[in-house]
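This report concerns only the one structure given below.
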Amino acid sequence: MTMESEVFNWNRFWRYFRSDFNSFISRYGITLLVLSTMAVTIDAFNGLFSSIITGSWVGTVAPVRFILFGIFGVVVMLTAPGKLYGHLTDRREGAAFLMLPVSKLEKFISMVVITGVVTPFIFGLIYMGLDIMVCMVDPTCGESMFSQLFFTDFKSILASTISPSDLQEWGPFMNNISSALTPFVYLDDIFQVMMYFLLGALIFKTSKTGKTLGCLILLALTVEMLLSPIMAFTIFRNFRELADANFTGFTVDMFNDTFPLTAWMMRHLILVDTLWDTLLNSLLLFLIWLRLSKMKH
């Protein structure tokens with residue numbers, strides 16, 4: 001066997017990936033199915049309730065459907081990693097995992113793909129697919145979530161809220177803000193959340209989701225405490241100066257001069273977000289790989 005095949009062999013990886021996927025179905029399939037089908041369940045209950053009260057069927061309106069989609073999506077992101085790979089911290093199951101005749105790289109890739117790609121993809125596919133079907137048979141629902149997310153011209157909607165002169169002056173900023181409303185921009189953020197909780201599932205032996213969430217909250221509070229003095233002496237001071245001037249004649253040039261860093265970031269919002277998420281995701285992947293390499297039972 002060559003060194004290359006010892007590190008990564010496609011046929012061996014594919015066999016292991018199929019086995020890992022079957023384990024994913026057995027461990028989290030029912031939960032994922034229940035969460036993914038909530039669009040139909042809630043619409044049915046909403047329609048039945050409205051029929052009893054008002055005598056007419058009324059489906060779940062779009063804003064509520066989006067809120068519920070976000071809620072159930074967050075539940076999937078928080079719970080799936082622990083359910084799928086939390087058992088690896090158990091001495092017996094962890095030892096069995098380490099003894100599998102598969103390289104660490106193949107285990108790592110399979111774990112990351114199933115957690116960060118397959119799980120959210122299946123959830124989104126089922127949830128939005130059922131939402132489309134519900135909206136096809138229930139006209140009171142309006143447009144489907146998929147249609148509103150991927151076929152809405154956010155740039156035009158945003159432009160219609162401001163005057164033509166302001167649009168011309170603030171155009172570069174508005175273009176980036178409208179681009180930030182595109183759902184594809186947040187795919188790396190979804191992957192990032194999944195990796196946070198996968199790392200927590202591999203580190204903590206009990207209460208994996210709660211401890212990971214607690215660590216993230218503490219980390220956020222620490223960063224906020226460290227940045228607060230900087231914000232107080234820079235950005236907040238500039239805001240006070242503008243408030244004293246009653247924002248008179250506030251122009252793009254004034255914004256660039258007063259908040260140079262913020263102005264640059266808003267002009268390159270997507271680039272900054274992508275670079276930052278790429279950096280964090282790379283760090284998380286490295287930490288997950290390091291944790292797998294250090295696993296011993």
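What follows is calculated from the coordinates using simple rules that are stated; it is not laboratory data. For clarity, every value in this text was computed on a predicted model and none was experimentally measured. For neighbour counting, all protein chains shown are included, and Cβ atoms are generated from backbone atoms with ideal geometry for every residue, glycine included.
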Handout entry: Percent breakdown of C-alpha pair distances by 10 Å bin, ordered from the shortest bin, for the range 68-144
Key = 16, 35, 24, 15, 8, 2
Exercise for the section: Bin all alpha-carbon pair distances of the range 1-151 at 5 Å intervals from 0 and give each bin's fraction as a whole percent. Expected result: 2, 8, 15, 16, 13, 11, 9, 8, 6, 5, 3, 2, 1, 0, 0
Practice task
Determine which residues of the range 57-75 fall in the zone a paramagnetic label at Gln148 would reach in this model, i.e. backbone nitrogen under 14 Å from the point 7 Å along Cα→Cβ.
Solution key: 59-71
Completion exercise
So, relative contact order of the range 1-135 in percent, Cα under 8 Å, 6 or more apart, is 42 percent
Exercise for the section: Can you tell me the FRET efficiency between Thr54 and Phe121 if r is taken as the Cβ-Cβ distance and R0 is 30 Å, rounded to the nearest 0.05? Expected result: 0.20
Problem - Subset of Lys104/Lys296; Lys107/Lys211; Lys205/Lys296; Lys107/Lys208; Lys83/Lys208 violating a 18 Å alpha-carbon distance limit - result: Lys107/Lys211; Lys107/Lys208
Completion exercise
With a Förster distance of 45 angstrom and the Cβ-Cβ distance between Lys294 and Ser228, calculated FRET efficiency to the nearest 0.05 equals 0.80
Handout entry: Stretchable slack from Met136 to Leu283, in nm (0.36 nm times residue separation minus alpha-carbon distance)
Key = 48.6 nm
